[in-house]
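Read the structure below first, then the notes.
The values are calculated or read from the model by the stated rules, or taken from the named source; none is laboratory data. Keep in mind it's a predicted model, so treat the numbers as computed, not measured. All Cβ positions, glycine included, derive from the backbone under ideal geometry; neighbour counts span all protein chains shown.
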Amino acid sequence: MFNSSPIQAWDGAAAFFSYAGSGGPVLWFWVSVILCIIPVLVSLKAEKAAEDKYK
């Protein structure tokens, strides 16, 4: 089962990157950073409001 591939050698094989040379990875990196920061800011705002309410 593990040695059932018809490929015997990987000589000349190349990788294909769909975003190579474009701004896609940078864009998605910053989108993910922003999406991680937003919940932190929302929770800080909610905690501050709760703290002010029960002072």
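Structure notes:
- The residue that is modelled with the highest pLDDT, among those in segment 14-35 that are part of a loop (DSSP other than H, G, I, E, B) and of a type in the set (Ser, Thr, Tyr), is Ser22.
- Any hit, segment 36-49, residues being exposed (fewer than 10 other Cβ atoms within 10 Å of the Cβ), in a loop (DSSP other than H, G, I, E, B) and among the aliphatic types (A, V, I, L, M): no
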